[in-house]
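Working notes, structure below.
Each reported figure results from applying straightforward, stated rules to the coordinates on display, with no laboratory input. Note that the coordinates shown come from a computational prediction; the quantities given were computed from them, not determined experimentally. Positions of Cβ are generated from backbone atoms using ideal geometry, with glycine treated the same way; all protein chains shown enter the neighbour counts.
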Amino acid sequence: MMRNHIDVGSALRSAVSENYSNLVTRPTGVAVRVYIEEQIRAATDCSVTEIDFSRVGMMDFSCADEIVAKLVMQHESGTPTFVFSGLSESHIEAIDVVLERHGMSLVSHEADSNSYIAVTQ
Amino acid sequence: MTNVITVPPSLDDTTFEQILEPLSRLQPDDRVLIDARHARWASPYGLTALLTLAQTRMSRPSLAVPEADETASYWARAGFFRHAADLYELMGSVPRGRQNESGVLLEITPVAASEDVHTVVDKVQARAQSILVNELKLDAAATMRFTMALSETCQNIVEHAGRGGWVAVNSYRWQRRLAGRRVLVIAVCDAGVGFRASLETATGRPRTDRWDDGMALEEAVMRGVSRFRDTGRGQGLAGVRMFIGKWNGKFSVRSGTARLAIVPSWDEDVPLHENLPAFPGSQVQITIPERVDR
C-alpha cells in the first residue's frame with residue numbers, strides 16, 4: 001500500500017511564509033489545506049496520506065478546522081485515508097474540539113504509536 | 001468647547017467605565033481632552049482601550065500625559081505613546097520608551113490582518129513560557145493553550161471588527177486581590193462593528209423578541225454562533241472560554257452596551273452587565289491567575 005507523507009511544517013513554509021512555524025489564523029489554514037490538496041492530487045497511486053505535524057509549533061482552532069476537519073470532510077468517500085501523525089497534546093486538543101463540532105473524533109490509528117485517524121462519532 | 005474627561009488613578013476594565021460614562025453623552029465630533037495627568041497605573045486593557053477610544057472620535061482628541069514619571073515611563077515602555085501620537089494630540093512630557101528593554105510581555109501591538117496575528121503569536125510564545133511555568137506555576141502545555149487563546153481573540157478583530165485594533169499582554173502582581181498572587185492579563189480591544197452588528201450580517205439568523213448586545217455576546221461567546229454559515233466557524237472564543245475555565249481564569253467581553261464575563265470563584269463580577277454606556281467594537285480581557293496548590 002503506497003503511503004503519501006506530507007510534512008505540514010514544510011507546507012506552511014511553502015504555502016504561506018518561510019518565517020512561520022505556527023498554524024494560526026484561518027487564511028493560513030486555507031492556504032496550507034490547498035497546498036496539501038495539491039500534494040494529494042499529485043500522488044494518485046497513494047491510498048493513505050500521512051499528514052505529519054511534527055514540525056509545527058502551535059495550531060489554533062481555525063487552522064485545526066481548515067486543515068484537519070475540512071480535509072477529512074472533503075474526502076468522506078475514504079480516499080485517500082488520512083493518518084495524522086506528530087501531534088502534540090495541544091494539537092490533539094484543538095483537533096478534538098473542531099472535530100466534535102462536525103460529529104467526528106480522533107482515535108488512535110495503531111497501538112503504541114502517535115498516529116490518529118478521524119472517525120464519525 | 002473642549003470636554004475634559006478625567007482618567008481614574010487606576011485604569012483597568014472596571015474603571016474604564018468611568019471614562020465611557022461621560023463620553024457616551026457627547027457627540028462623536030465633540031472635542032475631548034482625556035486628562036491622564038493623575039493616573040498612576042493602567043492595565044493592558046486600560047491602555048488599549050484608550051487607543052480604541054481615540055479611534056471612535058471624529059475630531060482628533062487630546063490626551064494629557066501622566067505627570068508621575070514612573071507611570072509615564074511605564075506607558076512609554078508598553079508602547080502606548082508610540083501609537084497614541086498618531087491618534088491623540090499629546091499634551092505634556094512624553095518619555096521615550098525603549099522597546100527592547102520594556103519588561104512588558106507584549107507591548108501594545110496593532111492587529112489588522114492575519115500577518116499581525118502571526119507576529120503576535122511568535123513574539124509571545126518565546127516570552128510566555130517562563131512566566132506561565134515559573135511564575136504562574138502552570139504546566140508546560142499551558143504555553144500552547146495560552147498562545148491559542150491569544151490567537152483566537154486577535155483573530156476576532158481580523159474576522160469581524162472591520163477595522164484594526166490593539167493587543168497587549170502583561171504580567172503583574174495584584175496588591176489587594178487574590179492575596180497578592182501574580183496574574184497574566186491579555187487585552188484585545190477594537191472600535192469595529194461589535195458582536196451584535198457582526199451577527200446581524202448573518203443571513204437566515206432567526207429573529208427573536210430579545211435581540212441586543214447582551215444576547216449577541218451570549219450567542220457568540222457561550223454558544224459559538226458566528227455570522228458565517230460554515231459550521232466550523234465560531235469555535236474560537238468558545239475554545240478560549242474552555243481554556244480559561246481550566247486555569248480558573250476570568251474572561252470578559254464588552255461590546256456595545258453589554259459586558260459578558262466568565263467569572264471564577266475568586267472574583268465578584270456578575271456574568272452579564274447590561275445598559276452600560278455605549279462604546280463601539282469589542283473589548284476582550286483574559287486574566288490568568290497564579291496557580292495555588294490546595
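With springs connecting C-alpha atoms under 10 Å apart, model chain A as a Gaussian network and identify which of A:SER77, A:SER54, A:SER88 has the largest mean-square fluctuation.
Among A:SER77, A:SER54, A:SER88, the largest GNM mean-square fluctuation belongs to A:SER77.
Between B:ARG82 and B:GLU200, what length comes free when the chain is fully extended (0.36 nm per residue of separation minus the Cα-Cα distance, one decimal in nm)?
Once the chain is fully extended between B:ARG82 and B:GLU200, it gains 39.0 nm.
Taking beta carbons within 10 Å but only from partner chains, what does the mean come to for residues B:134-143?
Mean shielding by partner chains, rounded to a whole number: 1.
So if R0 is 30 Å, what FRET efficiency would B:HIS273 and B:GLU115 give, r being the distance between their Cβ atoms, rounded to the nearest 0.05?
So, using R0 = 30 Å, E works out to roughly 0.30.
Using only the Cα atoms, what convex hull volume per residue in Å³ does chain B have?
Taking the convex hull of the Cα positions in chain B, it is 131 Å³ per residue.
Among B:LYS137/B:LYS250; A:LYS70/B:LYS123; A:LYS70/B:LYS137, which pairs are too far apart, with a Cα-Cα distance over 27 Å? Walk me through the numbers before you get to the answer.
Values: B:LYS137/B:LYS250 17 Å; A:LYS70/B:LYS123 29 Å; A:LYS70/B:LYS137 36 Å.
Long pairs (Cα-Cα over 27 Å): A:LYS70/B:LYS123; A:LYS70/B:LYS137.
What is the distance in Å between the Cα centres of the range B:159-225 and the range A:59-121?
Cα centroid of the range B:159-225 versus Cα centroid of the range A:59-121: 28 Å apart.
Quote the relative contact order of chain B in percent (integer), defining contacts as alpha-carbon pairs under 8 Å separated by 6+ residues.
16 percent
Can you compute the equivalent ellipsoid semi-axes for the protein assembly as shown, i.e. the square root of 5 times each eigenvalue of the Cα gyration tensor, sorted largest first and rounded to whole Å?
40, 23, 20
Skipping prolines and chain starts, which residues have an amide H placed within reach, meaning under 5 Å, of the one on B:LYS137, given they are 5 or more residues away or on another chain?
The list, which skips near neighbours in sequence, is B:ARG291.
Taking each residue in B:107-119, count the Cβ atoms of any other chain within 10 Å of its Cβ, then average. What number comes out?
Rounded to a whole number, the mean comes out at 3.
Work out the FRET efficiency for A:SER14 and B:TRP211 from their Cβ-Cβ distance, taking R0 = 45 Å, and round it to the nearest 0.05.
After rounding, the FRET efficiency stands at 0.50.
If you count, for every residue in B:151-160, the Cβ atoms of partner chains within 10 Å of its Cβ, what is the mean?
3
Please quote Rg/Rh for the range B:1-106 to two decimal places, taking the Kirkwood radius as Rh and restricting both calculations to Cα atoms. The partial results should precede the final answer.
Numbers: Rg = 13.0 Å, Rh = 13.7 Å.
Rg divided by Rh gives 0.94.
Sorting check: for B:53-61, B:150-158, which peptide has the highest mean count of neighbouring beta carbons within 10 Å, and how do the rest follow? Intermediate values should be presented prior to the final figure.
Details: B:53-61: 16.8, B:150-158: 25.7.
Descending packing order for the listed peptides: B:150-158, B:53-61.
Can you give the Rg and Dmax of the range A:3-120 based on its C-alpha atoms, in angstrom?
12.8, 35
Quick one: what are the phi-derived ³J(HN,Hα) couplings along the range A:38-52, Karplus 6.51/-1.76/1.60 with θ = phi - 60°, whole Hz, x for glycine and proline?
Ordered by residue, 3J(HN,Hα) equals 5, 5, 5, 5, 6, 9, 5, 8, 9, 8, 10, 10, 8, 9, 9 Hz.
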